[in-house]
Every structure is written in C-alpha cells, then in structure tokens.
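The values are calculated or read from the model by the stated rules, or taken from the named source; none is laboratory data. Since this is a predicted model, take the numbers as computed values, not measurements. Neighbour counts are summed over all protein chains in view; Cβ atoms, including those assigned to glycine, are modelled from backbone coordinates with ideal geometry. For the accessible areas, the whole protein counts, side chains as well, though only heavy atoms, and no ligand, DNA or RNA atoms are used. Shrake-Rupley method; radii C 1.70, N 1.55, O 1.52, S 1.80 Å.
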Amino acid sequence: MTPSPVSELGYRFSVPATTANLGPGFDSLGMALALRNVISVQPVPGEALDLKVTGAVGLPAGEDNLMVKAMRRVLGERKVGAQIEVSAHIPPASGMGSSAAAIVSGVMAGSLLLDDPLEPADLIKLAVEIEGHPDNVAAAMLGGLTASSYVDGTLLVRRIPTENIRVVIALPKVEASTADQRAALPDSVPLKDAAANIGRAVLVVEALRAGDLGLLRDAMVDCLHVPARSEAIPGYEAVVRAAQSAGAQAVTISGAGPAVIAFAGSRHRQIAAALETAFRSAGAPARTWVLPVDRDGLRGEQFEGEA
Ligand code: HSE
C-alpha cells in the first residue's frame, strides 16, 4: 500500500498476526494469520503522538508503547502531531506476533506522516532492525509464508506461495514474554542439531507450499528452541498429544510461545476443543482460534479525516 500523505486526510491500515519459526525455522520462517489489528492515524497540529488502544490490555501507554517508539524511529527530530487509534485483536505476549504488528504499525504510521514516505523495502528493513529478528515482521508486512534472514545489516526476504492452510492456535493464560523466552535459549547448539534443523526447515517450506500435511508432521520438529521453551508451557507434551489425537498433523510452539499452533486439513473445531481441555487439565485456561493464513500482510486505505 502506498497512499500519498495529505495533511487533512487520515489513514487506516491493518496488520495481521503472525506465527514465527514454524518449528525448525527459528528466526527465519513466518506466516501471517487472518487476525488483524486495525490502526487509524490522523495528522493533527502540534507534536504529540496521542495513542489510544482498545481491545488489548496491559500495553504500556504513551512514549513507552512499542508502536510509538517505532514511529519515533521514523520521525526522528521532526515535530509532527497525530492521533492514533489501535483496535487490537492480537493478544500481547502471546507468540502471535503482537510486537511485530506494533512495530510494523509504528513504522507505517510514522512514514505516512512524512512528506516523503519510506519505500516498502525501507519500511521492512527498519521494522526488522527494531525487532531484532525478521520472521514475524516479514510475514506481517508481506502476508503468507515468508522466509527471511538478516545478517550484518543485510535483509534477505521472500514470500513463498502456499496451499490454503487453516491452523488452530491455543493461547494458555501464563506469563511468558518473548524476552524471557529468548533468555531461556542456549548460547550454542551442537552441529548435528543445527544440521537437522536446516534440513527440516527446508522440508517444512516444501510441505506448506505443497499442502503436504504428512511431510509437515514429520518435518515440523525442532531441536534448537522448542525443548527449552516447552518447559514454560503448562502440560506441553500432553497438549501436543491431545491435539494429535483430535486430528492435528503437526503441532509446535507458535513463535516464542506460550501459544501452541496445530496444523490440520479438517476437524479444526475438535482440535481447538481438545487443546482447551488439555490446557485446562494442566491448570491453564486457554483461548483458541481457528485461522486461515492471511495472504495480504500490511494493507491500508486513506480516509477523510475530521481535522
Ligand atoms: N523467532 C522469534 C523467537 C519469534 O522465536 O524468539 C518471536 O519473536
């Protein structure tokens, strides 16, 4: 999307939730999901960025908000005022890409307030730089399945066409920030584990491209991050088994967790119910979603503002 900024007009755009890693593709694979935060940005006189968030609870307000921080990165020292409203449907600290959505929203909103908005390639680079890893950001911006790598300031990213896919996400009510979940990871891993992950990550991409859920089941196995992170997810092994018994093919942690993602060709509602029951038995009530893959990524429109 590239609406041109006109001061009396506002903008509305939306950014999807994302699931990262997809098992063995740690920090590299991402996929957008059809659950969106909707953002409106109205330029106003002055230099305050006035943010109102509805829907999500527990997000910091004002200049501490991740979206406002990302806007400031784009705006630099420029004195620009705006009223920003976010209707947030992506739960924070969930493993469903709420940080990436906030950062992508922030760089987009900041760019729309410039006389000379950033090119999409610069938006994505800046968003990845702020996030620190590219998987969620790439999928949130481009939609669909994305493969990306960010090495020494160079971003490589591609969107990969997939078959129609629906997933089940279950989010248990537990505290698990991405920062804590990254801190839980080992500093180094054995070469054989790294090699196994590389092969499986490539096979996961092929499985999603071809809609081969049997291959996905066998390939969506990780030995870099899931073993450490699953300890923070109540009843993880039993939850995976319950989803499989209800018909799921592949099951893994969504992003850094604590959400769990299950892939299946049918029986999504039954899988969601089985995940809820298994989490409840482990002492953690869970919310569930059945979501198709989002194919659009960041999308937007211009609207008549009230200023
Ligand atoms: N690849 C990231 C991780 C996604 O697993 O930590 C979460 O932001």
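Taking the Cα centre of the chain as origin, work out the dipole magnitude from +1 charges on Lys and Arg Cβ and -1 charges on Asp and Glu Cβ, in debye rounded to 20. Write out the running numbers ahead of the final one.
Numbers: 26 positive and 33 negative charges, 208 e Å.
Computed charge dipole of the chain: roughly 1000 debye.
What is the sum of charges around Ala286, taking Lys and Arg as +1, Asp and Glu as -1, for the other residues whose C-beta is under 15 Å from the C-beta of Ala286?
Overall, the nearby charge balance is +2.
Got a number for the accessible area of His133? Probe 1.4 Å, square angstrom, nearest 10.
Accessible area of His133: about 20 Å².
Given the options Leu145, Leu118, Met71, identify the residue whose Cα lies farthest towards the positive end of the charge dipole of segment 10-160 (+1 on Cβ of Lys, Arg; -1 on Cβ of Asp, Glu).
Leu145
Taking N as the number of residues in segment 1-103, what is its alpha-carbon radius of gyration divided by 2.2 N^0.38 Å?
Taking N as the residue count of segment 1-103, the ratio is 1.16.
Can you give me the Cα centroid spacing of segment 167-220 and segment 76-117 in angstrom?
If you average the Cα positions of each part, the centres end up 28 Å apart.
Under the definition of Cα pairs under 8 Å and six or more residues apart, what whole-number percent is the relative contact order of segment 166-292?
Details: 209 pairs, mean separation 51.2, N = 127.
For segment 166-292, the relative contact order is 40 percent.
With +1 on each Lys and Arg Cβ and -1 on each Asp and Glu Cβ, and nothing else charged, work out how big the dipole of segment 166-292 is about its Cα centre, in Debye to the nearest 20.
440 debye
At q = 0.07, 0.09, 0.15 Å⁻¹, work out log10 I(q)/I(0) for the chain with the Debye formula, treating every Cα as an identical point scatterer and leaving solvent out; two decimals please.
The computed values of log10 I(q)/I(0) come out as -0.26, -0.43, -1.12.
With unit charges on the beta carbons (Lys and Arg positive, Asp and Glu negative) and the dipole taken about the Cα centre of segment 166-292, which residue among Pro172, Pro186, Pro227 sits farthest to the positive side?
Selected residue: Pro172.
Mind checking the dipole of segment 10-160: about its Cα centre, +1 per Lys or Arg Cβ, -1 per Asp or Glu Cβ, Debye to the nearest 20? Walk me through the numbers before you get to the answer.
Numbers: 11 positive and 15 negative charges, 75 e Å.
In total the dipole reaches around 360 debye.
What span do the alpha-carbon atoms of segment 243-307 cover on each of the three principal axes, reported in whole Å from largest to smallest?
Over segment 243-307, Cα extents along the principal axes are 53, 27, 22 Å.
So what's the back-of-envelope 222 nm ellipticity for the chain, counting only DSSP H runs of four-plus at -39500 (n - 2.57) apiece and dividing by all residues, rounded to 500?
-10500 deg cm²/dmol
Per the Kirkwood treatment, what hydrodynamic radius in Å, one decimal, follows for segment 166-292 from the mean inverse distance over all distinct Cα pairs?
Kirkwood radius, segment 166-292: 14.9 Å.
Given the whole protein assembly as supplied and a 1.4 Å probe, what does the accessible area of Tyr150 come to in Å², nearest 10?
Rounded to the nearest 10, the figure is 70 Å².
Ordering Asp296, Asp135, Asp193 from largest to smallest accessible area (1.4 angstrom probe), what's the sequence?
Heavy-atom accessible area, descending, gives Asp296, Asp193, Asp135.
Taking the chain, how many lysine pairs are there with alpha carbons less than 30 Å apart, if each pair must be eight or more places apart or span two chains?
Working: Lys52/Lys69; Lys52/Lys79; Lys52/Lys125; Lys52/Lys173; Lys69/Lys79; Lys69/Lys125; Lys69/Lys173; Lys79/Lys125.
Number of lysine pairs found: 8.
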